[in-house]
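Since the structure comes first, as structure tokens, the remarks are kept for the end.
The values are calculated or read from the model by the stated rules, or taken from the named source; none is laboratory data. Computed from a predicted model, the values in this text were never measured in an experiment. Glycine also receives a Cβ, built like all others from the backbone with ideal geometry; neighbour counts cover every protein chain displayed.
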Amino acid sequence: MRSHYCGNLNQSFIDQTVTLCGWVHRRRDHGGVIFLDLRDREGLVQVVIDPDTPEAFATADKSRSEYVLKITGRVRQRYAGTENSTMPSGQIEVLGKEIEILAQSETPPFPLNDDFSNVGEETRLKFRFLDMRRPEMLERMRFRSKVTTLIRNYLDRHGFLDVETPILTRATPEGARDYLVPSRTQPGSFFALPQSPQLFKQLLMVSGFDRYYQIAKCFRDEDLRADRQPEFTQIDIETSFMNDEQIMQITEDMAVELFDQLLGVKFDAFPRMTYADAMRRFGSDKPDLRNPLELVDVADLMDKVEFKVFAGPAKDPKGRIAALRVPGGAAMPRSQIDEYTKFVGIYGAKGLAYIKVNDVSNIHNGEGSGLQSPIVKFLPDDALKAIIERTGAGNGDLIFFGADKARVVNDALGALRVKVGNDQKLLTCEWAPLWVVDFPMFEEIGDGQWTSVHHPFTLPKCDVETLKTNPGEAISVAYDMVLNGTELGGGSLRIYNLDMQKAVFKALGISDEEANEKFEFLLDALKYGAPPHGGLAFGLDRLVMLMTGATSIRDVIAFPKTKTAECLMTHAPAPVEAKQLRELGIRLREEAKVAAPATTPTTTPVTGA
Ligand code: ASP
């Protein structure tokens, strides 16, 4: 229908006759001349229709915002003084000669042109097909497409095969709840949607595929936090006969190429940090290294202190006392400290002790001290001196303290570090990637009960016997790529030896029977020449979010779900007909019936004759 895209026109097209198809972005009447800004995927162009062409003029006059028009006309230079430098096609305009209305539009529920502002996300999601007409949204989706194209090209160049794995499958443990799909042909049985293609990609290595990738949809039924979606996309990668260093290198090179080509950002080699160091220095396994603040351990200075808040954690082997120095923080008003105290409460901290450092030459705990704080009087002078020395605090600084179980201190001070760093505008650079390595294999969830930190197929660094006797000490060959405090991707070398896989299942409290029942295929595969293999997966949505500067992953997903895992546009999930449930052998419990339709709709689905 069209000869050109609106947004592609410029002075090189002057005097050409073009046919454009697009939406009316804005219509203006100027003393008998009508101006239409016509919009398509590539941008806007101004079309002028004057009364010399009465038919076109009448059609333009009838056209309203978001009408779909086909316009034929001649490209001409705009009159001097009427150019628009903010528009790529702003030097020219199209003198419209013929206009056809291809589709009318009701007044949209919110303006899609420059008047768009303060439109609630619910409305945007309900009318997502309109929301995505906005150039901002279109640009993000276009950028996303560039990311996947570049990644496909990179991986293809490096010999990776794109293989699809099933969506209807068995549980693939990644630590979240499964989405279940009832089977009609085997009533009472359920498929699980994949939390990741993990086991299939490992089996492809056993099949000898050597290098695999897939841009894969994954499904996790979690209570949603701000940056999660129940279905999301991974760039899923697996390789054989490569060690962890090689896998990190090939995927780091991919990230470097991506940022260079799409954003012009040049990365140096990514620094490596062990999980233990990351937790110690930043209270997080995904530290934002743009932020210069660091946690400093001070528990050893407190074991003789009587102040209960510190004495308890100082003596508890699972406790931690850490200090966080905020340069210039002594000027912080009380209200700000109160706000931070509330903030750390979200992470389970019972309070937030602090010391304002007014004069480092005057450190003692009595009257007239250079340290100002409700807790100074409880701490002996030598402990105070050591704190100042260890944190490197100078005049005008403030030191926050976290004292509790290590987990609470890490969560609370780790989050506070991020918040203070942002609030006080302390970030030192724009991008800070790194690898976090040497994760523990397991995390204790209760008395002697362990869960995987990554997933149960991750290779430990130790041998089978050591794993059995001391699972809590086992370190895995796992690695996470972190950028600006966000985990971009993570992976590991995998277990390729049957005894080790069985030992890990056992450490996780999975009995032989259960392991056989759930993972027979994997255990079988490990008996038939499984190569050493490993891989990783990047979260595509988060990657695109970071690269586009979007504030939510919903803004880089075409049709996302809300925090309560609903689609406001299609109203999924939705109740189903009683007949469908009957076919599946399912009867709803009373409490689940509330949302279901009271009667079966009379429309019968068309069935094959
Ligand atoms: N399957 C893992 C995940 O989804 C990634 C990997 O280990 O490759 O987190």
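For the range 118-127, the count of residues that are modelled with pLDDT under 95, surrounded by 15 or more Cβ atoms within 10 Å (Cβ to Cβ) and assigned to a loop (DSSP other than H, G, I, E, B) is nonzero. Just one of the listed residues (V296, V309) is crowded, with 17+ Cβ neighbours inside 10 Å, in a helix (DSSP H, G or I) and either touching a strand residue (DSSP E or B) at 6+ places or on another chain (Cβ under 6 Å) or of a type in the set (S, T, N, Q) (or both), and it is V309.
One line per residue, one yes/no per condition, for (1) β-branched (V, I, T); (2) modelled with pLDDT of 95 or more; (3) within 15 Å of R177 (Cβ to Cβ):
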| site | (1), (2), (3) |
| --- | --- |
| G208 | no, yes, no |
| C218 | no, yes, yes |
| D221 | no, no, yes |
| F241 | no, yes, no |
| Q246 | no, yes, no |
| I250 | yes, yes, no |
| E257 | no, yes, no |
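Restricted to the range 445-474, and to residues there that are small (G, A, S) and assigned to a loop (DSSP other than H, G, I, E, B), the residue that is surrounded by the most Cβ atoms within 10 Å (Cβ to Cβ) is A474. Just one residue in the set V344, V326 is β-branched (V, I, T) and over 22 Å from K385 (Cβ atoms); that residue is V344.
Taken over the range 2-57, the criterion of being hydrophobic (A, V, I, L, M, F, W, C), touching a Gly at 6+ places or on another chain (Cβ under 9 Å), part of a strand (DSSP E or B) and within 19 Å of M137 (Cβ to Cβ) is satisfied by L38, L44. Looking across the range 200-221, the residues that are outside any helix (DSSP H, G or I) and either within 13 Å of the ligand (Cβ to nearest atom) or without any contact (Cβ under 8 Å) to a residue 24 or more places away in the chain (or both) come down to S207, Y212, Y213, Q214, A216, K217, C218, F219, R220.
Can you go through N484, N422, N497 and tell me which one is touching a Leu at 6+ places or on another chain (Cβ under 8 Å), within 19 Å of L295 (Cβ to Cβ) and more than 16 Å from the ligand (Cβ to nearest atom)?
None of the other options fit; the residue is N484.
So, in the range 1-57, how many residues would count as being more than 18 Å from D114 (Cα to Cα), in contact with a Cys (Cβ under 6 Å, 6 or more places away or on another chain) and crowded, with 17+ Cβ neighbours inside 10 Å? Of the residues in that region, 1 qualify. Pairs are defined by a Cβ separation below 7 Å, a sequence spacing of at least 6 or placement on different chains, a first member in the range 259-278 that is within 18 Å of V477 (Cα to Cα), and a second member that is in a helix (DSSP H, G or I) and at pLDDT 95 or above; the pairs so defined are F270/E252. Considering only the range 15-27, I want to know if a residue exists there that is modelled with pLDDT of 95 or more, closer than 26 Å to M132 by Cα and among the small types (G, A, S). Checked the range 15-27: at least one residue is modelled with pLDDT of 95 or more, closer than 26 Å to M132 by Cα and among the small types (G, A, S).
I'd like to know if the range 586-606 contains one or more residues that are at pLDDT 95 or above and assigned to a helix (DSSP H, G or I). Scanning the range 586-606 turns up no residue that is at pLDDT 95 or above and assigned to a helix (DSSP H, G or I).
When P173 is tested against (1) under 22 Å from L526 (Cα atoms); (2) away from the ligand (no atom under 15 Å from the Cβ); (3) not hydrophobic (A, V, I, L, M, F, W, C), just one condition goes unmet, and that condition is (2). When residues in the range 137-157 are screened for being touching a strand residue (DSSP E or B) at 6+ places or on another chain (Cβ under 7 Å) and more than 20 Å from V556 (Cβ to Cβ), 1 of them pass.
For residues in the range 436-461 being without any contact (Cβ under 8 Å) to a residue 60 or more places away in the chain and either closer than 21 Å to R272 by Cα or under 19 Å from the mean Cα position of the chain (by Cα) (or both), which is farthest from the ligand (Cβ to nearest atom)?
K461
Taking (1) touching a Pro at 6+ places or on another chain (Cβ under 8 Å); (2) modelled with pLDDT of 95 or more; (3) more than 14 Å from the ligand (Cβ to nearest atom) in turn, V464 satisfies each apart from (1).
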